[in-house]
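> The structure is given below, and queries will be raised subsequently.
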Amino acid sequence: MLNVAVIGSGPAGLYAAEALVKQAAALPTPVPVRVDVIDRLPTPYGLVRYGVAPDHKSIKSIAQYLRKVLESPDVRFLGGVHLGEDVTRDELVGAYDAVIYATGAMRDRRLGIPGEDLPGSYAATDFVNWYCGHPDVDPGAFTLDAESVAVIGVGNVAVDVARILARDPAELHTTDVPQPVLDALYASKVREVHMIGRRGPAYAKFTTKELRELGELNGVEVVVHADEADLNAFDSSGEGVTLAEADRRVRGNLVAISKWAQGEAAGPAPSGHSRRLVVRFWLRPVEILGTERVGGLTLERTAIDASGKFGGTGQLETLDAQMVLRSVGYQSVPLPGVPFDERASVVPNDLGRVFGPDGAPLPGEYVAGWLKRGPTGVIGTNKSDAAETVRALLEDLAGGPAAGDTQLPRAGLLRYRDAAATPADHDEGPLATVLAGRGITPVSYDEWLRIETAEADLAQELGRGERVKLHNRDAIWSACRPGT
């Protein structure tokens, strides 16, 4: 029996668990495997549950696929177990044949400008976690009393944030958004949302489908400045034109942006405009203004010269804004005791094999997902990424290549356990003794299903769709362990 711990129950972690079960069964000599998926939260699915906007039901349906992984007889969910507090890295490595770290990227990059820490200036992840009902964020964290909001960034997360701020909250009634959040959105004073990119529209990271959704919002006017939509206005290098010629996604984005710049609706014409969404390009924030809280944002016009050099032009403008949300990229957070590259914000690795400080691979330690490669790709990208890591793990386990196979980087590092040495309480899991000694009882998959049931019951009680998320940690724990 091969015992593997996967740290993190988001897409990367669960795709890794799936790959372990399937690849181990497909080996010339099938290997029985037991995977413990460990998460610090009592709820699984990570980014799918707490990062995907509530109005993106098709993407959230990925949870139904991941659910099948957790229901595999070879996979066990251990929720509410925090690496670094409830169990150490050394204890994990000592208890399992292999450990796969897959905790994703949990914080936003900072802007590094004056005023960034003023009240009213937030990381976009905090806002996303709020409207997704993450138990780490107080449901009262955002009151939305700002009339004008600046969202810094032009990726899909920035689009999500801008869309939730601008959308009619009545359209979120049948989603799983927590009730206190929905109440706050109904009470929102936001009337204008500015989404701001440092470079031009050809360089924006959002996908065409996400972008077009902005033009389909009922009662929302989308505005783009004509000069900022012009590929040549602030780009003398011609690189933006080249990108548009080579990339179908960029061309699709430009169609929508050009229509908005000409004052045309990119989708069905809304009946009246109660809110405005302004998409800006070629501007970078240089200072968030205010004394006691955010009152404005100073922006500098940017450009690319004929040599391809990007920089500021010295031309400034001040934007009226009472809230600023930064969405300029994610970073992974170091795990206690696990090697970490501070510059790249990833665990140093090759094909998922974790490297120690000396640059040599560490026996039995692997990494997958954004913690492995950085915050790139979409949710589905994690599937092939996890499969690559698991191939490396099983190659190490198998004891080296057969005749004629390519030599592996470090063959035969892992070995099967001696059956006689397997503890009698194996069914309780390799960590059972460690956790019991600290008074920790992991949340089981069956207990997670109680949370799901409570959320379905709440939706029925409120007359809202299929599920409404429990909005704080106490409610979640009360649902999974009634009476405790």
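The values are calculated or read from the model by the stated rules, or taken from the named source; none is laboratory data. Everything numeric in this text was worked out from a predicted model, so none of it was measured. Positions of Cβ are generated from backbone atoms using ideal geometry, with glycine treated the same way; all protein chains shown enter the neighbour counts. Calculation scope for accessible area: heavy atoms of the full protein, side chains included, ligands and nucleic acids excluded. Shrake-Rupley method; radii C 1.70, N 1.55, O 1.52, S 1.80 Å.
> Would you confirm whether any residue within segment 85-97 is within 17 Å of residue 371 (Cβ to Cβ) and surrounded by 21 or more Cβ atoms within 10 Å (Cβ to Cβ)?
yes
> Output the residue which, of all residues in segment 442-483 that are free of Cβ contacts under 8 Å to residues at least 40 places away in the same chain and under 24 Å from residue 84 (Cβ atoms), is most open to solvent (accessible area, probe 1.4 Å).
Among those residues, the one meeting the criterion is 474.
> Go through segment 91-125 and report how many residues are closer than 28 Å to residue 17 by Cα and not aliphatic (A, V, I, L, M).
Total satisfying the criteria: 10.
> Also, I was wondering about something else. Tell me which residues, restricted to segment 13-22, are under 20 Å from the mean Cα position of the chain (by Cα) and open to solvent by 10 Å² or more (accessible area, probe 1.4 Å).
Those that are under 20 Å from the mean Cα position of the chain (by Cα) and open to solvent by 10 Å² or more (accessible area, probe 1.4 Å): 15, 18.
> Still on this model: Under 7 Å between Cβ atoms, which residue pairs at least 6 apart in sequence (or on different chains) link something in segment 235-256 that is over 28 Å from residue 221 (Cα atoms) with a partner that is among the hydrophobic types (A, V, I, L, M, F, W, C) and surrounded by fewer than 14 Cβ atoms within 10 Å (Cβ to Cβ)?
Hits for this filter: 236/306; 237/306.
> Still on this structure, please answer the following. Taking the criterion of being polar (S, T, N, Q) and either in contact with a Ser or Thr (Cβ under 6 Å, 6 or more places away or on another chain) or farther than 15 Å from residue 78 by Cα (or both), would at least one residue in segment 468-475 satisfy it?
yes
> Does residue 37 meet the test of being hydrophobic (A, V, I, L, M, F, W, C), open to solvent by less than 30 Å² (accessible area, probe 1.4 Å), touching a residue at least 24 places away in the same chain (Cβ under 8 Å) and within 12 Å of residue 445 (Cβ to Cβ)?
So residue 37 passes the test.
> Suppose we filter 244, 233, 303, 256 for residues that are in a loop (DSSP other than H, G, I, E, B) and of a type outside the set (Asp, Glu); which single one remains?
233
> Residue by residue through segment 162-174, note down the ones that are out of contact with any Ser or Thr (no Cβ under 8 Å at 6 or more places or on another chain) and open to solvent by less than 40 Å² (accessible area, probe 1.4 Å).
162, 163, 164, 166, 172
> If the Cβ limit is 6 Å and pairs must be 6+ apart or interchain, which residue in segment 76-95 that is closer than 17 Å to residue 10 by Cβ pairs with which residue that is among the hydroxyl-bearing types (Ser, Thr, Tyr)?
Correct list of pairs: 77/445.
> Just give me the residues in segment 154-201 being of a type in the set (S, T, N, Q) and either farther than 26 Å from residue 376 by Cβ or free of Cβ contacts under 8 Å to residues at least 40 places away in the same chain (or both), in sequence order.
Across segment 154-201, the qualifying residues are 174, 175, 179, 188.
> Just name the residue that is nearest to the chain's Cα centre (by Cα) out of those in segment 160-176 that are among the aliphatic types (A, V, I, L, M) and closer than 15 Å to residue 132 by Cα.
Of everything passing the filter in segment 160-176, 161 is nearest to the chain's Cα centre (by Cα).
> Regarding residue 111, is this residue under 28 Å from residue 291 (Cα atoms), open to solvent by 10 Å² or more (accessible area, probe 1.4 Å) and either of a type in the set (A, V, I, L, M) or over 20 Å from the mean Cα position of the chain (by Cα) (or both)?
Against the criterion (under 28 Å from residue 291 (Cα atoms), open to solvent by 10 Å² or more (accessible area, probe 1.4 Å) and either of a type in the set (A, V, I, L, M) or over 20 Å from the mean Cα position of the chain (by Cα) (or both)), residue 111 qualifies.
> Go through (1) in a helix (DSSP H, G or I); (2) modelled with pLDDT of 95 or more and name the single condition residue 150 misses.
Condition not satisfied by residue 150: (1).
> Quick check: is even one residue across segment 121-129 open to solvent by less than 30 Å² (accessible area, probe 1.4 Å), among the β-branched types (Val, Ile, Thr) and assigned to a helix (DSSP H, G or I)?
Taking every residue of segment 121-129 in turn, at least one turns out to be open to solvent by less than 30 Å² (accessible area, probe 1.4 Å), among the β-branched types (Val, Ile, Thr) and assigned to a helix (DSSP H, G or I).
> Check 204, 261 and return the single one that is among the small types (Gly, Ala, Ser), surrounded by 19 or more Cβ atoms within 10 Å (Cβ to Cβ) and within 27 Å of residue 378 (Cβ to Cβ).
Sole residue among the options that is among the small types (Gly, Ala, Ser), surrounded by 19 or more Cβ atoms within 10 Å (Cβ to Cβ) and within 27 Å of residue 378 (Cβ to Cβ): 204.
> Sticking with this one: Which pairs have Cβ atoms under 6 Å, sit 6 or more apart or on different chains, and link a residue in segment 311-328 that is within 16 Å of residue 158 (Cα to Cα) to one that is open to solvent by 20 Å² or more (accessible area, probe 1.4 Å) and charged (D, E, K, R)?
From segment 311-328, the pairs are 328/109.
> Which one of these is closer than 18 Å to residue 166 by Cα, open to solvent by less than 20 Å² (accessible area, probe 1.4 Å) and at pLDDT below 95: 219, 272, 240?
219
> Among the listed residues 154, 177, 159, 149, which satisfies the condition of being touching a Gly at 6+ places or on another chain (Cβ under 6 Å) and buried (at least 24 other Cβ atoms within 10 Å of the Cβ)?
That would be 154, the only listed residue that is touching a Gly at 6+ places or on another chain (Cβ under 6 Å) and buried (at least 24 other Cβ atoms within 10 Å of the Cβ).
> Next up: Tally up the residues in segment 45-75 that are in contact (Cβ under 8 Å) with a residue 40 or more places away in the chain and polar (S, T, N, Q), please.
1
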